[in-house]
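Enquirer: What follows is a structure written as structure tokens; I'll ask about it next.
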Amino acid sequence: MAIVNVLTSAMVGAQDGPSREGGARESLLVLSDVHLGSDLNVQAMATGFGRRSKSVDADLAELLRHYRRTPPEGDRWRIVIAGDFIDFIGMALPPDGAELATAPSEEELAHGLGNAADHAGVKLRRVAERHEEVLAALAGFVADGHALTIVHGNHDVEFHWENVRDEFKAILRRLAGAPREGVDGDAFVARIDFQPWFFYVGGVAYIEHGHQYDPYCATDLIMAPLSPLDPRRIARGFSDVLLRYVVRPTKGLREWGHEHLGLVDYIRFGAQLGARGMVTLGVRFASAVIELFRLRREHFAEARAALREEHERRVALLAEATRIGVDRLRALGALQVPPITRSIRGILASVLLDRLALALVAAAGLVGVAISGAQRGHAGWAVALILMTWALLHRYLTTQRQLDPAEQLVDRAAKLAKLFPAAFVVMGHTHIPVEVPVNDGSSTYINLGSWAENEEPEADGASPHANANAAARTHLVIHPGAAGAVAEFLKWDSTDGPSRFVSTHLPGLASPGAASDARATPSDAVVVASPLVVEAGATAADPRAG
């Protein structure tokens, strides 16, 4: 199984080369969206709202110990974490007492440490303290001679900073007790690498986080993700701003589920906060909108040209190091969507201001008709016309606001499988585990689900209980074999261990069980089975059967 990997995000002086110790045949353990540190914020620590489940950490640590005890069918295991392992943007830590070279901005003083290199370092150390069990299990895995690859997601773009990557390696090395008997410290660190864009196993699997196909989370320049006006910091996106300005400070407002909410839902939520709470929420919302328009100006700043040049330079270095070719990488980049903050219309639609403006215009029209109608005595037809126009335009604007990127990721998976021949195109980001055949069943799109789960206190202050946003605890295992590779899409259970996952079916998409065995046809002629514990060359059964 020939492995092609990408350079680290710090292209200059990158310490991770393009080869894998002579092309080792590796078994892959792939998971995504762990979001360690998501509850490191004042509200979760003070009230318990949004506190991370301890059970999901225990289950993840046990999963790592399980596969550490399980001999790989390849030469070794490689864990691939497909983004959002650390939830840097989800943390809201006050800068009080932190030794910082980058002075906090007014926004950071109000909402917590930002994404400058030293700020991210402080956050990472807090994560290491809070989630030591998970990181120790990961360190033990690497200490046994296995490898670890972390693909950057939109919540951990901060791995762009070299000091953050180095500190992460140092944390794992410390937890592994390296150097010690049987564990060489330098070799340990060499088995850990970071990939800013994607991880590719020729003919077998193409893996990336998936946020670049979501306009609310996409990074403008993925190989140079810095703010044009302040390159000491990472460029922010829409979801980052709303999380920091509105969601984290507001008790009861979750960071998930907004794709199902409309203007009335938010007004109803605000009313539940009382008059003072509604005003406070309105101020937070207005501040977020102002920041979104400031971000739009960044996209068109003169300084962005220099970042664009740096992005292109790193893409060229990546193409040379991996032998993938600049044209193919540019074709990959062309599949990405621009951030929603590039467009005034996009910003207005994303925060429902377009529908609010429409409602106000319709209301003004109705008032005008009522006044004139009272004088002339015939306003019924005008009222009907205004209401019909409002309803049609409201329906149109609703269809244009698509917050759920699930279908977009499936569409891109089909194109990615052709651009990077692979039996499996693997992403995360949506937190919903899915298995969908693409390209007439020649490839399969896998969404890895998540390992992110919160606990919330009962209303009477009793012990916490898991909320409805439970982690899927899903993962993908791919083993090399004599006739090709065999993949299993599995779900972890704290009692029974790993078992076959029956995929979520996305409405409007082909049934996940309709895929036959996926056969890769790249130059290295790897043959891969479908994700159902099927030997290469066999016929895959419907996952719902039996």
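The values are calculated or read from the model by the stated rules, or taken from the named source; none is laboratory data. Quick caveat, the model's predicted, so the values are computed rather than measured. Glycine also receives a Cβ, built like all others from the backbone with ideal geometry; neighbour counts cover every protein chain displayed.
Enquirer: Which residues, taken from region 193-247, are farther than 23 Å from VAL410 by Cβ, aromatic (Phe, Trp, Tyr) and not assigned by TED's automatic domain parsing to the domain that holds VAL42?
Expert: Correct list: TYR245 only.
Enquirer: Let me ask another. Within the group GLY145, GLY153, GLY140, which residue is small (Gly, Ala, Ser) and within 19 Å of the chain's Cα centre (by Cα)? Walk me through how you get there before you give the answer.
Expert: Details: GLY145 fails: within 19 Å of the chain's Cα centre (by Cα); GLY140 fails: within 19 Å of the chain's Cα centre (by Cα).
Just a single option satisfies the conditions, and that option is GLY153.
Enquirer: Could you go through region 478-493 and let me know if any residue there is modelled with pLDDT of 50 or more and in contact with a helix residue (DSSP H, G or I) (Cβ under 6 Å, 6 or more places away or on another chain).
Expert: Yes, region 478-493 has at least one match.
Enquirer: Looking at ARG519 and the list (1) modelled with pLDDT under 75; (2) within 29 Å of GLU62 (Cβ to Cβ), which single condition is not satisfied?
Expert: The number of the failed condition is (2).
Enquirer: Another one. Restricting the search to region 163-177, which residues are of a type in the set (Lys, Arg) and exposed (fewer than 15 other Cβ atoms within 10 Å of the Cβ)?
Expert: Applying the first criterion (of a type in the set (Lys, Arg)) to region 163-177 yields 165, 169, 173-174.
Within region 163-177, just ARG174 meets the criteria.
Enquirer: Return the pair list, or none, for Cβ contacts closer than 8 Å from residues in region 379-395 that are β-branched (Val, Ile, Thr) to residues that are surrounded by 14 or more Cβ atoms within 10 Å (Cβ to Cβ), at least 6 apart or on different chains.
Expert: Taking only residues 6 or more apart or on different chains, the pairs are VAL383/LEU366; VAL383/VAL369; VAL383/GLY373; ILE386/ALA362; ILE386/GLY365; ILE386/LEU366; ILE386/VAL369; THR389/ALA362.
Okay, residues lined up against (1) surrounded by fewer than 19 Cβ atoms within 10 Å (Cβ to Cβ); (2) of a type outside the set (A, V, I, L, M, F, W, C); (3) not in a helix (DSSP H, G or I):
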| residue | (1), (2), (3) |
| --- | --- |
| ARG313 | yes, yes, no |
| ALA319 | yes, no, no |
| LEU329 | no, no, no |
| VAL337 | yes, no, yes |
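Here is a yes/no grid of residues against (1) out of contact with any Gly (no Cβ under 9 Å at 6 or more places or on another chain); (2) buried (at least 22 other Cβ atoms within 10 Å of the Cβ); (3) among the hydrophobic types (A, V, I, L, M, F, W, C); (4) part of a loop (DSSP other than H, G, I, E, B):
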residue	(1), (2), (3), (4)
PRO215	no, yes, no, yes
LEU242	yes, yes, yes, no
ARG254	no, no, no, yes
ILE267	yes, no, yes, no
MET278	no, no, yes, no
LEU281	no, no, yes, no
SER287	yes, no, no, no
GLU291	yes, no, no, no
ALA301	yes, no, yes, yes
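Enquirer: Additional query: Looking only at region 48-90, which residues are surrounded by 18 or more Cβ atoms within 10 Å (Cβ to Cβ) and among the β-branched types (Val, Ile, Thr)?
Expert: Result: VAL56, ILE79, VAL80, ILE81, ILE86, ILE89.
Enquirer: How many residues does region 403-426 hold that are within 18 Å of the chain's Cα centre (by Cα) and in a strand (DSSP E or B)?
Expert: Going through region 403-426 one residue at a time, the tally reaches 2.
Enquirer: Just to be sure I understand, how many residues within region 405-455 are among the small types (Gly, Ala, Ser), in contact with a helix residue (DSSP H, G or I) (Cβ under 8 Å, 6 or more places away or on another chain) and within 20 Å of GLY333 (Cα to Cα)?
Expert: Going through region 405-455 one residue at a time, the tally reaches 1.
Enquirer: Another question, then. Could you identify the single residue in ALA470, ALA510, ALA462 that is of a type in the set (A, V, I, L, M, F, W, C), at pLDDT 50 or above and either outside any strand (DSSP E or B) or surrounded by 23 or more Cβ atoms within 10 Å (Cβ to Cβ) (or both)?
Expert: On the way: ALA510 fails: at pLDDT 50 or above; ALA462 fails: at pLDDT 50 or above.
Unique residue meeting the criteria: ALA470.
Enquirer: What do you reckon, is ILE79 under 22 Å from PRO231 (Cα atoms), in contact with a strand residue (DSSP E or B) (Cβ under 9 Å, 6 or more places away or on another chain) and of a type outside the set (S, T, N, Q)?
Expert: Details: under 22 Å from PRO231 (Cα atoms): no; in contact with a strand residue (DSSP E or B) (Cβ under 9 Å, 6 or more places away or on another chain): yes; of a type outside the set (S, T, N, Q): yes.
Spelling it out, it is not the case that ILE79 is under 22 Å from PRO231 (Cα atoms), in contact with a strand residue (DSSP E or B) (Cβ under 9 Å, 6 or more places away or on another chain) and of a type outside the set (S, T, N, Q).
Enquirer: Looking at GLU181, GLU167, GLU108 in this structure, which one is among the acidic types (Asp, Glu) and in contact (Cβ under 8 Å) with a residue 24 or more places away in the chain? Talk me through it step by step, then tell me what you get.
Expert: On the way: GLU181 fails: in contact (Cβ under 8 Å) with a residue 24 or more places away in the chain; GLU108 fails: in contact (Cβ under 8 Å) with a residue 24 or more places away in the chain.
Within the list GLU181, GLU167, GLU108, the selection yields GLU167.
Enquirer: Answer yes if at least one residue in region 145-157 is surrounded by fewer than 19 Cβ atoms within 10 Å (Cβ to Cβ) and part of a helix (DSSP H, G or I), and no otherwise.
Expert: Going through region 145-157, the residues surrounded by fewer than 19 Cβ atoms within 10 Å (Cβ to Cβ) turn out to be 145.
Now drop any that are not part of a helix (DSSP H, G or I), which leaves none.
So far as region 145-157 goes, no, none of its residues is surrounded by fewer than 19 Cβ atoms within 10 Å (Cβ to Cβ) and part of a helix (DSSP H, G or I).
Enquirer: Taking region 109-125 on its own, how many of its residues are at pLDDT 95 or above and either assigned to a helix (DSSP H, G or I) or not assigned by TED's automatic domain parsing to the domain that holds TRP197 (or both)?
Expert: So the count comes out to 9.
Enquirer: Return a yes/no flag: does region 53-65 have any residue that is assigned to a loop (DSSP other than H, G, I, E, B) and closer than 20 Å to GLN43 by Cβ. Write out each step before concluding.
Expert: From region 53-65, those assigned to a loop (DSSP other than H, G, I, E, B) are 53; that's our starting set.
Now restrict to residues that are closer than 20 Å to GLN43 by Cβ: 53.
Within region 53-65, one or more residues are assigned to a loop (DSSP other than H, G, I, E, B) and closer than 20 Å to GLN43 by Cβ.
Enquirer: Can you name the residue in region 178-190 that is part of a loop (DSSP other than H, G, I, E, B) and of a type in the set (D, E, K, R) and is also surrounded by the most Cβ atoms within 10 Å (Cβ to Cβ) among such residues? Walk me through how you get there before you give the answer.
Expert: Residues of region 178-190 that are part of a loop (DSSP other than H, G, I, E, B), as a first pass: 178-179, 181-182, 184.
Of the ones still in play, those that are also of a type in the set (D, E, K, R) are 181, 184.
Values: GLU181: 5, ASP184: 13.
The selected residue is ASP184.
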